[in-house]
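The values are calculated or read from the model by the stated rules, or taken from the named source; none is laboratory data. Model, not experiment: these values are computed from the prediction. Here the Cβ positions follow ideal geometry from the backbone for every residue, glycine too, while neighbour counts run over all protein chains shown.
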Amino acid sequence: MDLNDEGEEGDINFNENEENMVENEGELDEQQLLDMNNGEQGDENDSESDHRFPYIEETSWIHWFCKLEGNEFFVEIDDSFIKNKANLIGIKCKDYLNKLLSPNAPQENSLNEDLEEELQGIKEVYGLIHKRFITTSKGLALMREKYLNGVFGRCPRVVCNKQVMIPVGLSEDLKYSKVKVYCPICCQVYKPSKHKGRSVSLDGAYFGTSFAQIFFMNYPDLKPKIKEEKIYIPKLYGFRIFGMVGSKYYCKTREELFKKMDQLSISHEED
């Protein structure tokens with residue numbers, strides 16, 4: 001009898017638990033329905049926000065923007081960096097922030113002239129924010145990845161042996177000069193070569209005049225170690241030419257050359 005009583009009590013407890021489970025399942029179903037309704041309303045709001053072009057939901061707007069032709073030197077700025085008002089001081093963002101932070105990207109074949117003009121304004125705002133972002137630890141890491149992959153191109157100077165380069169600006173002001181690329185071996189700047197057949201035409205102010213130095217200060221291991229300056233030495237039948245680059249009697253000016261020739265008792269005729 002005791003066993004049967006315990007069994008009956010056990011059955012009663014099981015039935016109570018089963019009823020509770022059914023009730024909980026009912027609550028979950030209602031919650032799921034609410035979530036689905038909210039999701040549908042959210043989709044409707046998103047579609048109503050801008051009817052000018054359809055969106056690709058799998059790609060964020062910034063990711064799409066950085067993949068556009070001519071924007072290959074840009075890295076993707078974190079949303080958190082853009083949302084921090086301290087990072088936007090002095091930048092006239094207008095109404096472009098909502099566009100930059102959009103999780104949806106437009107389709108390229110849907111762009112028209114009005115939107116292309118808008119992109120020019122957005123590019124300027126993005127570029128000025130980009131200049132500040134690439135000096136942060138995250139921004140430097142992203143630029144380092146592009147540098148190691150040779151995205152910024154290689155030095156055209158033969159004796160630099162295809163050294164990868166880093167972008168740099170010639171001025172902090174907009175519309176002064178297009179972006180240039182800096183070679184850490186010859187310490188010269190060059191016009192960027194076409195990236196995968198496409199030209200890069202970004203403003204140099206989007207990177208700033210100090211970025212190359214900041215980059216190699218943070219990554220000293222990436223700066224090539226130069227034992228001696230690599231220069232082209234002009235020769236004539238295997239002999240170095242007196243007074244020219246590479247000669248021990250090299251002189252920068254014509255006056256220095258004549259003075260050196262006088263010291264060595266070498267005759268010369270001045271024009």
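For Ala205, the conditions (1) outside any helix (DSSP H, G or I); (2) crowded, with 18+ Cβ neighbours inside 10 Å; (3) not hydroxyl-bearing (Ser, Thr, Tyr) are fulfilled apart from (1). In the set (1) under 26 Å from Phe81 (Cβ atoms); (2) touching a Gly at 6+ places or on another chain (Cβ under 8 Å); (3) in a loop (DSSP other than H, G, I, E, B), Ser193 fails one condition alone, (1).
Can you name the condition, by its number, that Asn149 falls short on among (1) of a type in the set (S, T, N, Q); (2) in contact (Cβ under 8 Å) with a residue 60 or more places away in the chain; (3) in the same structural domain as Cys183 (by TED's automatic domain parsing)? Against the list (1) of a type in the set (S, T, N, Q); (2) in contact (Cβ under 8 Å) with a residue 60 or more places away in the chain; (3) in the same structural domain as Cys183 (by TED's automatic domain parsing), Asn149 comes up short only on (2). Only one of the listed residues (Ile166, Ile122) is under 20 Å from Lys83 (Cβ atoms) and either without any contact (Cβ under 8 Å) to a residue 40 or more places away in the chain or of a type outside the set (S, T, N, Q) (or both). That residue is Ile122. When segment 89-109 is filtered for residues that are part of a loop (DSSP other than H, G, I, E, B), at pLDDT below 80 and surrounded by fewer than 13 Cβ atoms within 10 Å (Cβ to Cβ), the ones remaining, listed by number, are Lys94, Asp95, Gln107.
If you check Tyr232, Tyr182, Tyr250 for being at pLDDT 90 or above and of a type outside the set (Gly, Ala, Ser), only one passes: Tyr182.
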